[in-house]
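Chemist: Mind looking over this structure? Questions follow.
Each reported figure results from applying straightforward, stated rules to the coordinates on display, with no laboratory input. What you are looking at is a predicted structure, and each value in this text was computed from that prediction instead of being measured. For neighbour counting, all protein chains shown are included, and Cβ atoms are generated from backbone atoms with ideal geometry for every residue, glycine included.
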Amino acid sequence: MALNLRLFLIIASIVLFLIVSYNVVKNKLLVKYSLLWILLSLILILLSTFPKLSFIFSNFLGFEKTSNFIFLVIMAIIILICLSYSITLSNMNKKLIKIVQAMAIEEKESRSKNEN
Amino acid sequence: MEKVLIIIPAYNEEKNIKKTIDSLKKLDVDYVVINDGSSDNTLSVLKKMDANYINLPFNMGIGCAVQTGYKYAYLNDYDIAIQYDGDGQHNSNYIKDLVNKINEGHDMVIGSRYLEKKGFQSSFMRRVGIKWIKIINKILIGKTTTDPTSGFRACNKKVIKFFAENYPYDYPESETYVITSLIGFDIVDIPVVMNERKEGKSSISGIKSAYFMIKVTISLIFNRVIYGRRK
């Protein structure tokens with residue numbers, strides 16, 4: 001792999017890692033939601049620094065091209081991140097339902113008390 | 001004398017809700033309307049007629065609305081809760097029959113329009129959907145109600161407590177039948193006559209019905225897995 005390309009990939013993956021970390025430090029991203037992103041950026045840093053690793057894995061698994069292997073790894077992690085969103089969203093939805101119901105019943109009861 | 005609560009979910013029913021509530025006044029029962037974040041004047045109609053209502057701040061869907069009613073019934077220690085649509089489809093003359101059946105010792109009673117096949121029989125698409133749900137029910141739990149999508153049903157204290165804690169949110173009528181059957185509650189159908197909706201559109205129509213059938217099938221299968229294991 002050409003050296004400039006390697007350098008570019010290393011810098012890009014470090015930037016991704018820094019963006020994720022920055023947001024965690026600034027309290028804009030909760031640690032539990034940052035974990036998969038950190039995993040992704042670390043894997044990218046690892047693969048761009050040691051491209052041989054990806055050749056080894058890709059040959060071992062029988063990929064025709066190393067790039068296909070890398071795409072698959074990235075895509076798999078992104079799919080996991082999306083799935084984790086759906087799970088979080090469902091959780092939020094369940095909590096929202098409970099809050100709305102509790103609030104509405106509370107409001108009804110205080111209204112009935114005022115009338116009496 | 002047992003305490004009976006009629007739960008009336010209402011979403012954009014400004015034209016029907018007054019008639020629905022008035023039709024209950026001749027009966028010796030309490031009722032509560034759950035206004036599911038209606039965007040029309042349902043809330044002001046309820047306020048004006050000084051109705052007993054709970055107001056959800058925004059539209060949460062039928063399952064959430066009905067469960068709010070069950071939670072209210074549970075908190076206020078009702079013996080029997082009856083779901084009753086706010087759109088005028090249900091006939092209050094049958095409430096007595098539902099209560100009697102519960103008093104005979106059944107846990108849940110479903111008002112079915114297909115047991116005697118009288119009155120409004122619903123649209124063709126809806127009937128196809130119902131037929132499909134019945135087949136799925138038979139496969140999953142080995143039995144079926146004659147009217148799995150009927151929203152006219154009564155349940156006793158045990159089921160009220162169960163629904164206050166667990167209630168499906170999307171297409172709850174068909175799901176609750178499968179869930180309560182798997183839990184082991186005793187469920188029966190009684191014949192009722194339903195009217196055609198007076199105003200407004202049914203919540204299930206058009207392309208939505210295909211989506212409905214796929215979604216209901218998947219949820220029923222999952223319910224079978226989740227509640228089948230608990231036994």
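Chemist: With the Cα gyration tensor of chain A in hand, convert its eigenvalues to equivalent ellipsoid semi-axes via √(5λ) and list them largest first in whole Å.
Modeler: One finds semi-axes of 48, 17, 7 Å for chain A.
Chemist: Can you give me the C-alpha center-to-center distance between the stretch A:1-33 and the stretch A:66-116, rounded to a whole angstrom?
Modeler: Between the Cα centre of the stretch A:1-33 and that of the stretch A:66-116, the gap is 27 Å.
Chemist: Ok, one more. Give me the one-decimal nm value for the distance between modelled label points at A:C82 and A:M103, 7 Å along each residue's Cα-to-Cβ direction.
Modeler: Placing both labels 7 Å along Cα→Cβ, they lie 3.2 nm apart.
Chemist: Given contacts defined as C-alpha pairs under 8 Å and at least six residues apart, what's the relative contact order of chain B, whole-number percent? Each step should come with its number before you reach the end.
Modeler: Values: 421 pairs, mean separation 55.6, N = 231.
Here the relative contact order equals 24 percent.
Chemist: Counting partner chain Cβ atoms within 10 Å of every residue's Cβ in B:54-61, what's the average? If you can, show how the numbers build up before the last one.
Modeler: Details: counts 8, 5, 6, 5, 2, 0, 6, 1.
The shielding value for this peptide is 4.
Chemist: Taking every pair of Cα atoms in the stretch B:95-231, average 1/r, invert it to obtain the Kirkwood radius, and report Rg/Rh to two decimals.
Modeler: 0.95
Chemist: Here is a further query. Give me the percent of DSSP beta bridges within chain B that run antiparallel, rounded to the nearest 5.
Modeler: Once the DSSP bridges in chain B are tallied, antiparallel ones form about 25 percent.
Chemist: Along the Cα-to-C-beta direction of B:N103, a point sits 7 Å from the Cα; which residues of the stretch B:1-41 have their amide N less than 11 Å from that point?
Modeler: Residues B:1-3 qualify, since their backbone N sits under 11 Å from the label point.
Chemist: Over the protein assembly as shown, what is the percentage of antiparallel beta bridges among all DSSP beta bridges, to the nearest 5?
Modeler: 25
Chemist: Return one quarter of the surface area of the convex hull spanned by the alpha-carbon atoms of chain B, equal to its mean projected area, in nm². Working shown, then result.
Modeler: Working: hull surface 47.3 nm².
About 11.8 nm², averaged over all directions.
Chemist: Further, regarding this structure: Please report, in debye to the nearest 20, how large the charge dipole of chain A is about its Cα centre when each Lys and Arg carries +1 at its beta carbon and each Asp and Glu carries -1 there.
Modeler: Numbers: 12 positive and 5 negative charges, 28 e Å.
That gives chain A a dipole magnitude of about 140 debye.
Chemist: Longer than 31 Å from Cα to Cα, which of B:K26/B:K47; A:K94/B:K134; A:K108/B:K3; A:K32/A:K94; B:K48/B:K117 are they? Say none if no pair is.
Modeler: Pairs exceeding the cut-off: B:K48/B:K117.
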